[in-house]
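What follows is a single structure, written as structure tokens, with notes after it.
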Amino acid sequence: MKIRVLGAGAGGGFPQWNCNCHNCKRVRSGEMRAKRRTQSSIAVSSDGRNWLLFNASPDIRTQLETFPDSHPREGVRDSGIKAILLIDSQIDHTTGLLMLRESTVPLEIYCSAPVKQDLSSGFPLLHMLEHYCTVNHHLVPLDGSSFTIPLIEDLRLYSHALKSKAPPYSPHRNHPHPGDNIGVIVEQISTGKKLYYAPGLGEFEPHVEEAMKSADCVLVDGTFWQHDEMARAGINDKLALELGHLPQSGEGGMIEILTSATQGRKMLIHINNTNPILDEDSPERKKLDEAGIEVSFDGLEINL
Ligand code: MLT
Ligand code: MN
Ligand code: ZN
């Protein structure tokens with residue numbers, strides 16, 4: 001299985017256009033050893049030709065242009081991206097759909113019912129897109145059962161609901177519905193290798209633990225180092241969990257979870273620009289290194 005990290009940043013990316021926080025400032029001035037990151041998305045394939053896109057980031061144009069396997073091969077219009085799976089309806093994960101409007105083949109979009117509802121109401125992207133191209137909807141199961149996707153050869157997927165957060169424009173923002181956010185296991189049928197992908201994870205539930213234990217590579221929520229990171233940076237008083245993200249540090253945090261529940265490769269994605277782990281020389285980054293946890297970056301390729 002081939003996994004391409006298209007964007008490893010959270011909403012806003014790194015640096016964020018209007019942010020002058022400790023990290024954004026220093027990456028612009030070149031004072032810090034750190035990689036810039038676009039907004040959250042990956043692509044997965046078994047053959048390197050037909051790719052399943054996870055999330056469509058506002059940065060998708062650049063992400064695909066710098067990803068040769070996605071480029072057109074045949075005819076005047078073509079793409080290596082054969083289907084799109086949305087793990088939630090947040091701006092950073094869905095706005096890129098508008099950039100795919102030139103598609104001459106139907107956009108095959110896989111998501112949960114609450115995500116489809118958000119994208120047809122609070123943020124009516126799907127209705128807008130239908131004026132440009134055909135959109136085929138496919139609902140993903142929430143009970144952990146498996147499904148396959150035509151053209152995405154040799155991959156089997158299992159999706160389940162996660163406790164995280166629907167976006168501010170969602171009718172469910174303050175009334176969580178199962179499926180506002182999902183986690184996905186991607187299994188290569190011929191090899192049995194598994195990836196677990198969950199960029200928005202607010203609670204370590206038993207089915208999450210099971211998924212992590214079964215995976216050869218875990219690519220999960222790396223948004224915040226600590227609960228009150230936004231307040232410490234002087235940005236706002238929203239806590240990590242209020243935004244649906246489990247921080248890495250502290251009791252019950254992601255470091256503890258990954259240390260106890262995973263045997264395979266442990267990686268973080270969806271990293272917010274305030275997170276000290278972006279600084280490759282920070283003590284926080286050193287703690288991750290010691291725990292064997294990697295920080296993913298744009299353009300990273302993982303082979304399982
Ligand atoms: C989140 O996951 O909380 C988002 O990155 C928020 C956003 O995109 O604005
Ligand atoms: Mn996000
Ligand atoms: Zn910043």
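Odds and ends about this structure:
- Relative contact order, percent, the chain [alpha-carbon distance under 8 Å, six or more residues apart]: 20
- For the chain, fraction of C-alpha pairs farther apart than 32 Å, in %: 20
- Taking 291, 198, 166 as the candidate residues, the one with maximal mean-square fluctuation in a Gaussian network model of the chain, Cα springs under 10 Å, is 291.
- Per-atom-type breakdown for the stretch 2-303 gives carbon and sulfur 50% of the accessible area (1.4 Å probe, protein chains only).
- Its convex hull of Cα atoms gives the stretch 211-304 a direction-averaged projected area, equal to a quarter of the hull surface, of 6.3 nm².
- What the chain shows is 43 Å² of accessible area per residue, with the surface traced by a 1.4 Å probe over protein heavy atoms.
- Charges were assigned to the Cβ only: +1 to each Lys and Arg, -1 to each Asp and Glu. The resulting dipole of the stretch 85-242 about its Cα centre is roughly 140 debye.
- Net charge of the neighbourhood of residue 86, taken over other residues with C-beta under 14 Å away and scored Lys/Arg +1, Asp/Glu -1, is -4.
The values are calculated or read from the model by the stated rules, or taken from the named source; none is laboratory data. It should be emphasised that the depicted structure is a prediction, and the values quoted were computed from it without experimental measurement. With ideal geometry, Cβ positions are generated from the backbone for all residues, glycine too; neighbour counts draw on all protein chains shown. What goes into the accessible areas is simple: the full protein's heavy atoms, side chains included, and nothing from ligands, DNA or RNA. Shrake-Rupley method; radii C 1.70, N 1.55, O 1.52, S 1.80 Å.
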